[in-house]
Amino acid sequence: MPYYAMLAYARLEQWEDAAVEARRLSALLTQYAADRTDAERSTHATLAYLAGAVFERAGERGEAQVAYRNARALLPPPSD
């Protein structure tokens, strides 16, 4: 649910409220990290990246950097 609320607030350009929902989303991703399967990694990376974009737009640069770092950590390393 935080994902949809985050998107709804973003559409209304209510960035502080969208950031609250992004925090909830990030907390859920962290809470269930131990149960994450390999098939879910890319979806969770995308959700973390979207949360980062919302944080950035809301002016929460520190939280955005953490979300982007978490998203990057979920992706496979680049191949040479």
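Structure above, values below:
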item: Dimensionless Rg ratio for the chain, taking C-alpha atoms and the 2.2 N^0.38 Å reference; result: 1.08
item: Sulfur and carbon atoms: percent of accessible area, segment 10-50 [1.4 Å]; result: 51 percent
item: Helical contribution to [θ] at 222 nm, DSSP H n ≥ 4, -39,500 (n - 2.57), averaged over the chain, rounded to 500; result: -23500 deg cm²/dmol
item: For a label point 7 Å along the Cα-to-beta-carbon line of residue 13, residues of segment 39-80 with backbone N under 18 Å; result: 54-60
item: For the chain: accessible area per residue (Å², 1.4 Å); result: 70 Å²
item: Cβ charges +1 (Lys, Arg) and -1 (Asp, Glu), total dipole of the chain, debye; result: 60 debye
item: Gaussian network model of the chain, Cα within-10 Å springs - most flexible of 33, 48, 64; result: 33
item: Of 45, 34, 58, the one that fluctuates the most in a GNM where the chain has Cα springs shorter than 10 Å; result: 34
item: Linear extension gain, residue 28 paired with residue 69, 0.36 nm per residue minus alpha-carbon span; result: 13.1 nm
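The values are calculated or read from the model by the stated rules, or taken from the named source; none is laboratory data. The structure presented is a predicted model; accordingly, all values stated were derived computationally and were not measured. Positions of Cβ are backbone-derived with ideal geometry, glycine not excepted, and every protein chain shown enters the neighbour counts. Accessible surface is based on the protein model in full, side chains and every heavy atom, while ligands, DNA and RNA are left aside. Shrake-Rupley method; radii C 1.70, N 1.55, O 1.52, S 1.80 Å.
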